[in-house]
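Working notes for the structure below.
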Amino acid sequence: MSIIELLASLSLLLVPLFFYLTTNSWSKAPSKSNPKSYPLIGSSAAIFANRNRDTQWTSDLIQSSPTATVVLRRFLDDTRIKRFLNTGSEKRLKEACSELREFARNIIKEKKQELSNKPSLETVDLLSRFLSSGHSDEDFVTDIVISFILAGRDTTSAALTWYFWLLSQNPEIEKEILREIKDKSESPVYEEVKDMVYTHASLCESMRLYPPVPIDGKVALRDDVLPDGTVIKKGMRVLYHPYAMGRLEMLWGPDWEEFKPERWLQRAGDGVSNDGKWSFVGRDPYSYPVFQAGPRICLGKDMAFLQMKRVVAGILRRFKVVPAAEDGVEPVFVSFVTSKMEGGNPANVQHILKTKFYDYEKGSKSRQTLFDFLGNGIFNIDGDSWKFQRQVSSHEFNTKSLRKFVETVVDTEVSQRLIPILSTAAANNSVLDLQDILQRFAFDNICKIAFGYDPAYLLPDLPETEFAKTFDDAAKISSGRFATLFPFLWKIKRFLNIGSEKRLKEACSDLREFARNIIKEKKQELSNKPSLETVDLLSRFLSSGHSDEDFVTDIVISFILAGRDTTSAALTWYFWLLSQNPEIEKEILREIKDKSESPVYEEVKDMVYTHASLCESMRLYPPVPIDGKVALRDDVLPDGTVIKKGMRVSYHPYAMGRLEMLWGPDWEEFKPERWLQRAGDGVSNDGKWSFVGRDPYSYPVFQAGPRICLGKDMAFLQMKRVVAGILRRFKVVPAAEDGVEPVFVSFLTSKMEGGFPVRFEERAN
Ligand code: HEM
């Protein structure tokens, strides 16, 4: 970028910069009273103001087009700056538009001449009609000419290109079309073309899979509410997505991937012999908005069908079209939208996280954004350093370590710290923030198991946890960086050390100080008795030859994030769901009471119903609701989405847990049974439950593939032990008024906004 371009860019950004610097909106939370008032896809300003709600609205987008991919247009790119400076693609655009207008003006000139020679033309075309209508303003008619060229040239040609490719892959369908064509004359007249019903259906079917206009939208002129309850604010852009809608199982059935003209047809006849004439069965244009719908439905629809059918008849009658590419090479559907892809298709998730693991990585943008907080810790790196950290850490999660974890660390924390605090609260009928309690619990746990250090945060007087606040701020501000409209603005704030970035710097420095103290103590301990009996993760890293302090500090911080914020978030939502589903709570209690009061490793593992209920709770409220990678090279996803090198590809456990196509029409219900089956005779329904897992690509709550969460088993053991400890003695009762629902928020990991105030009622034995 030249110095002039840089200055121009800076001047264009002064206003938003002022706005950004003077508001500290990373701490702004969504309004409780109206949790759905986020933009579906909004104006830049609306998105900017609502950026904390990214999870929710992206989820809604994916839910409305789940099988496919939601490709989001860049909200703000450099086109305006380029246009202002007349450089790059914008310079070419200017030249191209000028040539196009010249071309259109020549046509108009000729037509005007023709009209002036013989004013009452026999065959009146569209252009003559406009010119004779009194609207002879040249710019106006030029615009009309260009619009019609766009409408007429790019739509039918795109539709037919994909159509001939589909026919080449489906010879049986081609045969049926040929049969129909051969029934007509060689130069079919209007009625004959209209009557080509099978061909018509095959064109509709082809455009279902490859619509010439794959995405379209409107802007709201006033506030509104959509039929599904989504709140639309004036000025917001609302998109609909023919490409995705054409691939929805709920609209087209489980065989939606098949090219099947028959779904648009029915046979006349006796219903048995199946040899009657085809008749066309249309779909409502709202399920199939390939030509848009309503008053602005495509004016050229009928013309387009006539033209395409005539072309198909002309070509197929004489020729077989054979793709020249090698067998197996599939064409790639491209559209004008790229740059960021959000998806909920399990096949895509598997592709990114496993099949092409080495083609997708965390990426430098994400790395930079989180670097101040996570440095070179395991969550923020790729390549050899990741491999090394993963390898050393994995020892911490073998069966021996896990048994020790659940039978000593967790057991002690539950019986000596958690239960006494809850007993006192029950006796005094006082309200506690369960989210805070669970975070303290998880923090003590992870420090003990990973670093052999007890921070003792879960104590009866619930000591001020400056550390917790510092950690939360660091996570919140770091994740807020991802959502900034102008990513380089946080860098300016950081450079100037102001606002949220100032706070982040302080928070990271405090965190590192905390981690360094733990490391110092551990080093001392190791130097006193070099062969420690109970080797923890930190000792393992320090003994591995990697004693570089910054590196080990990063590892400590990553493990605190992994261990503290995930299980506590999962359990907070879990206890809320149980309070709303007393029958499920009873079933869990039955299972818990079957085990001993301090269940050993095998007993905790065997809590199958509790395990299923935790999976089910995290389906609806995943601790890591959205995650992603960056493509290292060009690629094509299994659903045909084109990925360009450098593009960010996100997947969305929160949305995927709410997809009807994955979980059925009752996806909104909290139903542990969807993870279970009963042993037994299949009739009495009283056999033992056994757990039926889901593939990790449909349920990527712990990620999947080579980077699947290392702490998954540990997390389940801990959570089940905590559930057993609490539920055996207490009923957890939300303290908020009836009907007030908690709000899901997410900063790297998810949380319940404002905490979870509860009372504990001691159960009678
Ligand atoms: C319910 C609890 C948990 C959930 C839902 C969860 C989820 C996840 C997810 C989604 C990732 C991938 C993050 C990314 O790479 O962007 C991850 C990675 C990881 N998790 Fe967990 N986690 C949980 C508990 C734990 C616990 C208790 C530990 C123990 C310390 C842990 C340790 C790790 C580690 C070390 C990684 C990095 C793996 C790698 O990059 O190779 N997790 N977890």
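The values are calculated or read from the model by the stated rules, or taken from the named source; none is laboratory data. This is a predicted model, so every value here is computed, not measured. Methodologically, a virtual Cβ is constructed for each residue, glycine included, from the backbone with ideal geometry; neighbour enumeration extends over all protein chains shown. Note: areas computed on protein heavy atoms with side chains; ligands, DNA, RNA excluded. Shrake-Rupley method; radii C 1.70, N 1.55, O 1.52, S 1.80 Å.
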Next item on the list: Kindly indicate which of Arg481, Arg503, Arg440 is crowded, with 18+ Cβ neighbours inside 10 Å, among the basic types (Lys, Arg) and in contact (Cβ under 8 Å) with a residue 40 or more places away in the chain.
Entry: Arg481
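Quick grid of which residues meet (1) within 16 Å of the ligand (Cβ to nearest atom); (2) open to solvent by 60 Å² or more (accessible area, probe 1.4 Å); (3) at pLDDT 80 or above:
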position: Lys520; (1), (2), (3): no, yes, yes
position: Gln524; (1), (2), (3): no, yes, yes
position: Leu537; (1), (2), (3): yes, no, yes
position: Ser544; (1), (2), (3): yes, no, no
position: Glu549; (1), (2), (3): no, yes, yes
position: Thr566; (1), (2), (3): yes, no, yes
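Kindly indicate whether Pro653 is within 24 Å of Arg694 (Cβ to Cβ), surrounded by fewer than 21 Cβ atoms within 10 Å (Cβ to Cβ) and outside the structural domain of Val406 (by TED's automatic domain parsing).
no
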Margin query: Against the conditions (1) open to solvent by less than 30 Å² (accessible area, probe 1.4 Å); (2) more than 24 Å from Val733 (Cα to Cα); (3) modelled with pLDDT of 90 or more, where does Glu513 fall short? Just the number, please.
Written below: (1)
Check: Can you tell me which of Leu662, Leu727, Leu710 is part of a helix (DSSP H, G or I), in the same structural domain as Arg619 (by TED's automatic domain parsing) and hydrophobic (A, V, I, L, M, F, W, C)?
Finding: Leu727
Check: Has the stretch 631-644 got any residue that is out of contact with any helix residue (DSSP H, G or I) (no Cβ under 7 Å at 6 or more places or on another chain), small (Gly, Ala, Ser), touching a residue at least 24 places away in the same chain (Cβ under 8 Å) and part of a loop (DSSP other than H, G, I, E, B)?
Finding: yes
Note to self: Among the residues of the stretch 359-382, what is the count of those that are away from the ligand (no atom under 12 Å from the Cβ) and part of a helix (DSSP H, G or I)?
What the structure shows: 8
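Filter the stretch 424-433 down to residues that are open to solvent by less than 30 Å² (accessible area, probe 1.4 Å) and among the small types (Gly, Ala, Ser) and give me whichever is nearest to Asp444 (Cα to Cα).
Ala425
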Checklist line | Failed item in (1) open to solvent by 30 Å² or more (accessible area, probe 1.4 Å); (2) among the acidic types (Asp, Glu); (3) under 21 Å from the mean Cα position of the chain (by Cα), with Asp594 passing the rest | finding: (3)
Note to self: Which of the numbered conditions does Leu418 fail, given that it passes all the others? Conditions: (1) surrounded by 16 or more Cβ atoms within 10 Å (Cβ to Cβ); (2) within 11 Å of the ligand (Cβ to nearest atom).
What the structure shows: (2)
Checklist line | Filtered residues of the stretch 746-765 (kept if at pLDDT 85 or above and open to solvent by less than 40 Å² (accessible area, probe 1.4 Å)) | finding: Thr749, Ser750, Lys751, Met752, Glu753, Gly755, Phe756, Val758, Phe760
Margin query: Any residue that is surrounded by fewer than 21 Cβ atoms within 10 Å (Cβ to Cβ) and within 11 Å of the ligand (Cβ to nearest atom) - is there at least one of those in the stretch 691-700?
Written below: yes
Next item on the list: Show the residue pairs that are 6+ apart or on different chains and have beta-carbon atoms under 7 Å apart, the first residue being within the stretch 384-398 and in the same structural domain as Ile449 (by TED's automatic domain parsing) and within 11 Å of the ligand (Cβ to nearest atom), the second being among the β-branched types (Val, Ile, Thr) and open to solvent by less than 70 Å² (accessible area, probe 1.4 Å).
Entry: Trp386/Ile378; Gln389/Ile378; Gln389/Ile555; Arg390/Ile378; Ser393/Ile378
Notebook entry, point to check: Right, Leu462: more than 26 Å from Lys523 (Cβ to Cβ) and within 13 Å of the ligand (Cβ to nearest atom) or not?
Noted result: no
Item checked: The one condition in (1) under 28 Å from the mean Cα position of the chain (by Cα); (2) within 12 Å of the ligand (Cβ to nearest atom) that Val722 fails to fulfil -> (1)
Next item on the list: Determine whether the stretch 706-716 contains at least one residue that is at positive phi and either open to solvent by 30 Å² or more (accessible area, probe 1.4 Å) or within 11 Å of the ligand (Cβ to nearest atom) (or both).
Entry: no
Item checked: helices (runs of 4 or more DSSP H) wholly inside the stretch 426-497 containing at least 2 residues that are closer than 15 Å to Gly755 by Cβ -> 434-451, 466-482
Item checked: Trp689, sole failed condition from (1) at pLDDT 90 or above; (2) over 24 Å from the mean Cα position of the chain (by Cα); (3) among the aromatic types (Phe, Trp, Tyr) -> (1)
Item checked: Conditions (1) more than 30 Å from Ala724 (Cα to Cα); (2) within 16 Å of the ligand (Cβ to nearest atom); number of the one not met by Asp635 -> (2)
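Return a yes/no flag: does the stretch 250-257 have any residue that is at pLDDT 85 or above and in contact with a Phe, Trp or Tyr (Cβ under 9 Å, 6 or more places away or on another chain). Give the steps one after another, and end with the answer.
Of the residues in the stretch 250-257, the ones at pLDDT 85 or above are 251-257.
Checking the rest, the ones that are also in contact with a Phe, Trp or Tyr (Cβ under 9 Å, 6 or more places away or on another chain) come to 251.
Yes, that holds for at least one residue.
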Check: Residues Glu673, Glu737: which one is open to solvent by 10 Å² or more (accessible area, probe 1.4 Å), more than 16 Å from the ligand (Cβ to nearest atom), farther than 30 Å from Phe482 by Cβ and assigned to a loop (DSSP other than H, G, I, E, B)?
Finding: Glu737
Next item on the list: Determine the pairs where a residue that is within 18 Å of Ala507 (Cα to Cα), located within the stretch 452-472, has a partner that is part of a loop (DSSP other than H, G, I, E, B) with Cβ atoms under 7 Å apart, the partner being 6 or more residues away or on another chain.
Entry: Thr465/Tyr457
Check: Given the residues Ile555, Ile588, Ile584, which is the only one that is of a type in the set (Val, Ile, Thr), within 11 Å of the ligand (Cβ to nearest atom), open to solvent by less than 30 Å² (accessible area, probe 1.4 Å) and in a helix (DSSP H, G or I)?
Finding: Ile555
